[in-house]
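The structure appears right after this line, and notes come after that.
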Ligand SMILES: [Zn+2]
């Protein structure tokens, strides 16, 4: 059999398989025809179908949670909200379909009025996360210089040599081209280490004309390998505190006024004003953490000022 004949056989198999799995109802007529034509030409039908299914699922997710109109006037807050709500796609292999992806859920949130520290209390543990909106708002800035740099980055990314490269490659190449190399430690993905950040960030920090900048992507999906926003360049106000705030948590007791801090995302606690080790009793039903020694309530905070 020659290739064409073989592929015609394959098309029959694909057609049958689409009907049996119900995929024929998920893909529109055009998508089904393209899958069959592609198979006839020797393409892998599974790749074609997966691509179409992802496309349709993203369109469905967009329709279910349309992008809200962002009323915020402050350019920094507005940009962060836009990024947090940016549709970063869906993938039929991720579990986002079950409980929604960050970007979908974010579209109905009121970030400004949410607390910076998000405390979750279980019967035997407490978890504190830093609301990513507040974290970014506290440490970044948008000004004329950062906007000009961002424009420069977009021009760079659209150059013929770069426009087919991934964001990650362009981010790295742009920084290498432009920086006077201070504070630049390569691209960082916060998924690779323990932090209290509420969403994963991918970024590079670099110096330019005496100021610090950060080129940043926010992860908006479920599968951490994909699903990042387009990158954006902000001015970074302070490097060391930006890093420390990723793992630092403070807590204090409202009765005995004991205070403790953790520099490893809440695993170990040290006394800030107290010689006593911190012993607490989380109460899941009341959503309160009690201080064992005195029975007072413990409240938690993240680093917001520097
Ligand atoms: Zn106490």
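Tell me, what is the FRET efficiency for residue 41 and residue 163 to the nearest 0.05, using R0 = 41 angstrom and their Cβ-Cβ distance as r?
Numbers: r = 27 Å, r/R0 = 0.65.
Once the sixth-power term is evaluated, E becomes 0.95.
Exposure proxy check: 191, 228 ranked by fewest other beta carbons within 10 Å? Could you put the intermediate results ahead of the total?
Values: 191 13, 228 24.
Least crowded to most crowded, the residues run 191, 228.
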Would any residue of region 141-161 have its amide N under 17 Å from a label point 7 Å out along Cα→Cβ of residue 82? List them or say none. 141-155
Take residue 292 and residue 145, extend 7 Å from each Cα along the Cα→Cβ direction, and tell me the distance between the two endpoints in nm. 5.1 nm
Quick check on the exposure proxy: order 127, 108 from fewest to most C-beta atoms within 10 angstrom. 108, 127
Spin-label model distance (nm) - residue 154 vs residue 16, 7 Å beyond Cα toward Cβ: 5.2 nm
Folded to 0 to 90 degrees: helix 29-40 orientation relative to the chain principal axis, Cα: 70 degrees
Between residue 237 and residue 114, what FRET efficiency follows from the Cβ-Cβ distance if R0 is 22 Å, with the result rounded to 0.05? 0.55
Measure nothing but the geometry: give the 0 to 90° angle between the long axis through the Cα atoms of 45-64 and the longest principal axis through the Cα atoms of the chain, rounded to 10°. 50 degrees
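What's the exposure ranking of 79, 176, going from fewest to most Cβ atoms within 10 Å? If you can, show how the numbers build up before the last one.
Details: 79 21, 176 13.
Listed from fewest to most nearby Cβ atoms, that is 176, 79.
With n ≥ 4 as the cut-off for DSSP H runs, can you work out [θ] at 222 nm for the chain, using -39500 (n - 2.57) per run divided by the number of residues, rounded to the nearest 500? Let's see the in-between values first.
Values: 11 runs with 116 residues, N = 306.
Mean residue ellipticity, 222 nm, calculated: -11500 deg cm²/dmol.
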Separation of alpha-carbon centers, region 131-198 and region 227-306, rounded to whole Å: 28 Å
Within region 161-175: backbone nitrogen closer than 13 Å to the residue 230 label point (7 Å, Cα to C-beta): 167
What residue among 248, 28, 131 has the largest mean-square fluctuation in a Gaussian network model of the chain, using Cα springs under 10 Å? 28
Once both label points are put 7 Å beyond Cα along the C-beta direction, the residue 60-residue 193 separation in nm becomes 4.0 nm
So which residue, out of 51, 186, 38, gets the largest mean-square fluctuation from a GNM of the chain using Cα contacts under 10 Å as springs? 38
Taking springs between alpha-carbon atoms closer than 10 angstrom, which of 265, 123, 146 fluctuates most in the Gaussian network model of the chain? 123
Tell me, in nm to one decimal, what length is gained between residue 124 and residue 223 on full extension, where the rule is 0.36 nm per residue of separation less the Cα-Cα distance? 32.8 nm
Can you tell me the 0 to 90 degree angle between the C-alpha axis of helix 167-178 and the longest principal axis of the chain, rounded to 10? 60 degrees
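No lab work stands behind these numbers, since they all come straight from the coordinates. Since we're looking at a predicted model, the values are computed, not measured. Here the Cβ is made from the backbone with ideal geometry for all residues, glycine too, and neighbour counts use every protein chain on show.
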